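Some notes on the structure that comes next.
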Amino acid sequence: MAKSTTGVRIVVAGDRGTGKSSLIITAATESFPTKLPPVLPPTRLPEDIYPDRVPVTIIDTSSSLEERGKLEDELKRADAVVLTYACDQPSTLDRLSTFWLPELRRLEVKVPVIVAGCKMDSRDEQHAISLEQVMSPIMQQFREIETCIESSAFKNIQIPEVFYYAQKAVIHPTAPLFDQETQMLKPRCVRALKRIFILSDHDRDGTLSDAELNDFQVKCFSAPLHPSEIVEVKRVVQEKLPEGVNDSGLTLSGFLFLHSLFIEKGRLETTWTVLRKFGYNNDIRLAGDQLLPPIKKTPDQTVELTSEAVEFLRGLFTLFDFDGDDALNALELDDLFSTAPENPWNEAPYANAAEKNALGGLSLNGFLSEWALMTVLDPVLAVENLIYIGYAGDLASAVRVTQQRRIDRKKRTSDRNVFQCFVFGPKEAGKSSFLHSFVRRPFSEVYTPTTEDRYAVNIVDQSDGTQKTLILREIPEDAVKNLVSHQDALAACDVAVVIHDSWMEPLWIRAKKLLVEVARHGETTGYEVPCVIVAAKDDLESSTTAIQDSTRVSQDMGLEAPIPISTRLGEFNYVFRKIVKAASHPHLSIPETEAAKTRKHYQRLLNRSLTAVSVGAAVAVVGLAAYRVYAARKNASS
């Protein structure tokens, strides 16, 4: 855990005169101070004062207006905050909810808060009130409060406990594990514990036997369980949750119940010890040392799953296809990802990116396509989720980095299995319908403008019997200018498609401008990409001018003629296969602007001139040598 090496920084704040400095001094020296400076310097508690032996540094603060800036800085650097009030001054307690807690939220200080009542020995006992009664509504409103405690520095009552709770809230926080309102384990905690249960269930029978429970105990706590202790654990579970134990041992529900029980009894360190032994951090995600190291690659390289990882995923697909319909429905997919922090495909860009059947199920091709998309866009996330769902192979063998595209261009071929295609075009040209058709989504007459990048991914069968995965990324027209302002904008692009509306000449003019912009960017940066022009809405009456001009432009720029398609009629003219073919031959179909042609023409002229000059120089050298031979012979004869 990170805090065990860096220590815990606790900032004490509160109204003036509430006992902040006395609280700190008494905790550090175990004696009540007689004289105090206005603000104490940082105070370090002995490492052995608490069981975790984590260094604790306490920061005193001033509540004066002059020191407000410094107070805010300290609060933003805190690992935990102790807010003080004076038990003999009820107004300071009111200020917690009217000023201090809202102020922490304003400053976006998202750390555990301990509320500490000081000077409890000075309180008028005739007006004593229940701490729980007073604090309950405040804690309901401000969930960041971990604990409330009253103390007396003068009588040294519950002083160490204040900072123990603060330290414990940092090292073993409640918030990631338990929902105080529902009194239930949080979903991400349940998912992590389920994965740990499965990893500990060595014989895969759905229960932890006595031997497996003992192995689990030794792994997490370095000490075996006595047989009588195992009997007692199962007895406690069975009394409260009969289905938590069966003849074979402790079930998953019983395992989860135990951890709920630990947390309810304040033994959060037990659950955190288990989580950390299995590599989880405070966000209940696998820590960095459990994951794939950062992948080193150039901008024009990409990352793909290896055949080993793909075979693992094929087997997993079959395992979770419980109804045997060759598709994963929403429940089956959620079950597959139930040991991950969440289903990574519930949100953009993965949601609805792949082909689904009529019932919303994800086919094997759709399933593998989603994985290919995630691996290209975020390889670290892809490998992390492979681990969560049970991939046990060498992580380095799960993915491979492809060759640089500029090298592929020189070799005139590409060995990539996954190609990324950027789809450009003016508004209303049919880009979104093009993506929808790729994943066999029905055509819609309703126009919905695209405001951000959208993805579609599917597997394309090639004429030679092989398969390639194609990722289509729709680029909104308004986003093109910002995209090409970046040097590496097209580095990840294997092929670009420019779509125009074949029956509206103004849309072709805008599409032509986008084509030139893509070509110019490639020529300037060295990231030239093959381009394919698509004439959409072929079912409508075509604009003769647009068709003729687009054909002429494609010829002038060295491209194949535009491919006519109709998404309404489902006529695609093998366009997706042609896109993959263009990506597979990265040296072909590269558009050339007039400026590039002029530069090439000038370069050819320059090369010819240099050749002529070098030939002339060679002739002159030969002539000079011949003259010298002639002169030497003439002198000899004389």
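The values are calculated or read from the model by the stated rules, or taken from the named source; none is laboratory data. In this text, all values refer to a predicted model and were calculated from it rather than measured experimentally. Note that each Cβ is placed from the backbone with ideal geometry, even for glycine, and that neighbours are counted across all protein chains shown. Note: areas computed on protein heavy atoms with side chains; ligands, DNA, RNA excluded. Shrake-Rupley method; radii C 1.70, N 1.55, O 1.52, S 1.80 Å.
Some points to look at:
- Pairing each residue of segment 14-29 that is more than 19 Å from Trp100 (Cα to Cα) and among the aliphatic types (A, V, I, L, M) with any residue that is open to solvent by less than 20 Å² (accessible area, probe 1.4 Å) and in a helix (DSSP H, G or I), provided the two are 6+ apart or on different chains, yields C-beta distances under 8 Å for Ala27/Ile159; Ala27/Val162; Ala27/Phe163.
- Filter result (within 19 Å of Ser432 (Cβ to Cβ) and open to solvent by less than 40 Å² (accessible area, probe 1.4 Å)) within segment 459-476: Leu470, Ile471, Leu472, Glu474, Ile475, Pro476
- Checking each residue in segment 226-240 for being of a type in the set (A, V, I, L, M) and either open to solvent by 40 Å² or more (accessible area, probe 1.4 Å) or under 17 Å from Thr271 (Cβ atoms) (or both) picks out Val231, Val233, Val236, Val237.
- Applying the criterion of being of a type in the set (A, V, I, L, M, F, W, C) and closer than 14 Å to Val81 by Cβ to the residues of segment 8-36, the residue that is farthest from the chain's Cα centre (by Cα) is Leu23.
- Residue within segment 196-215 that is at positive phi and open to solvent by 70 Å² or more (accessible area, probe 1.4 Å) present: yes
- For Ala309, the conditions (1) open to solvent by less than 20 Å² (accessible area, probe 1.4 Å); (2) closer than 16 Å to Asn458 by Cβ all hold with the exception of (2).
- Residue list for segment 286-300, restricted to those being buried (at least 18 other Cβ atoms within 10 Å of the Cβ) and not aliphatic (A, V, I, L, M): Asp300
- Whenever a residue of segment 273-295 is of a type in the set (Phe, Trp, Tyr), its partners that are open to solvent by less than 20 Å² (accessible area, probe 1.4 Å) and assigned to a strand (DSSP E or B), lying with C-beta atoms within less than 8 angstrom and at least six residues away or across chains, give the pairs Tyr280/Leu286.
- The residues in segment 137-176 that are farther than 22 Å from Arg106 by Cα and either open to solvent by 50 Å² or more (accessible area, probe 1.4 Å) or polar (S, T, N, Q) (or both) can be counted, and the count is 13.
- Whichever residue in segment 423-451 is assigned to a loop (DSSP other than H, G, I, E, B) and among the aromatic types (Phe, Trp, Tyr) and, among such residues, is surrounded by the most Cβ atoms within 10 Å (Cβ to Cβ): Phe443
- Beta carbons closer than 7 Å, at least 6 apart along the sequence or on distinct chains, never pair a first residue in segment 488-513 that is within 12 Å of Ser550 (Cβ to Cβ) and at pLDDT 95 or above with a second that is small (Gly, Ala, Ser) and surrounded by fewer than 24 Cβ atoms within 10 Å (Cβ to Cβ).
- Filtered by the rule that a residue be among the charged types (D, E, K, R) and assigned to a strand (DSSP E or B), segment 457-510 gives Asp461, Lys468, Arg473, Glu474, Asp501.
- When Ala479 is tested against (1) open to solvent by less than 70 Å² (accessible area, probe 1.4 Å); (2) touching a Lys or Arg at 6+ places or on another chain (Cβ under 6 Å); (3) not β-branched (Val, Ile, Thr), just one condition goes unmet, and that condition is (2).
- Only one of the numbered conditions (1) assigned to a loop (DSSP other than H, G, I, E, B); (2) crowded, with 17+ Cβ neighbours inside 10 Å is not met by Gly558, and that is (2).
- Within segment 401-416, considering residues that are surrounded by fewer than 18 Cβ atoms within 10 Å (Cβ to Cβ) and not in a helix (DSSP H, G or I), the one farthest from the chain's Cα centre (by Cα): Arg412
- All positions within segment 187-214 that are touching a strand residue (DSSP E or B) at 6+ places or on another chain (Cβ under 9 Å) and within 16 Å of Thr270 (Cα to Cα): Cys189, Val190, Ala192, Leu193, Ile196, Phe197, Leu213
- Thr544 being without any contact (Cβ under 8 Å) to a residue 12 or more places away in the chain, open to solvent by less than 60 Å² (accessible area, probe 1.4 Å) and more than 36 Å from the chain's Cα centre (by Cα): no
- Residues in segment 378-400 that are free of Cβ contacts under 8 Å to residues at least 60 places away in the same chain and either in a helix (DSSP H, G or I) or closer than 19 Å to Arg473 by Cα (or both): Asp378, Leu381, Asn385.
- Candidates Ser397, Ser437, Ser432 - the one that is closer than 20 Å to Val498 by Cβ, out of contact with any Lys or Arg (no Cβ under 9 Å at 6 or more places or on another chain) and polar (S, T, N, Q): Ser437
- Unique residue being in a loop (DSSP other than H, G, I, E, B) and either polar (S, T, N, Q) or out of contact with any Lys or Arg (no Cβ under 6 Å at 6 or more places or on another chain) (or both) when the list is Ile547, Ile590, Ile533: Ile590
- If you go through segment 39-81 and keep only what is open to solvent by 20 Å² or more (accessible area, probe 1.4 Å), in contact (Cβ under 8 Å) with a residue 24 or more places away in the chain, of a type in the set (D, E, K, R) and closer than 19 Å to Val109 by Cα, you end up with Glu67, Glu72, Glu74, Lys76, Arg77, Asp79.
- Some residue of segment 321-343 being hydroxyl-bearing (Ser, Thr, Tyr) and touching a residue at least 60 places away in the same chain (Cβ under 8 Å): yes
- Taking the criterion of being farther than 18 Å from Lys431 by Cβ, surrounded by 15 or more Cβ atoms within 10 Å (Cβ to Cβ) and of a type outside the set (D, E, K, R), the residues of segment 524-541 that qualify are Thr525, Tyr527, Pro530.
- Residue, modelled with the lowest pLDDT, within segment 257-307, restricted to residues that are aliphatic (A, V, I, L, M) and not in a helix (DSSP H, G or I): Leu292
- Restricting attention to segment 258-283 and to residues that are within 25 Å of the chain's Cα centre (by Cα) and among the basic types (Lys, Arg), the residue that is farthest from Gln217 (Cα to Cα) turns out to be Arg276.
- Candidates Ala456, Ala496, Ala489: the one that is within 26 Å of Leu364 (Cβ to Cβ), among the small types (Gly, Ala, Ser) and surrounded by 15 or more Cβ atoms within 10 Å (Cβ to Cβ) is Ala456.
- Only one entry in Gln404, Gln462, Gln420 is at pLDDT 95 or above, of a type outside the set (D, E, K, R) and farther than 27 Å from Glu347 by Cβ, namely Gln404.
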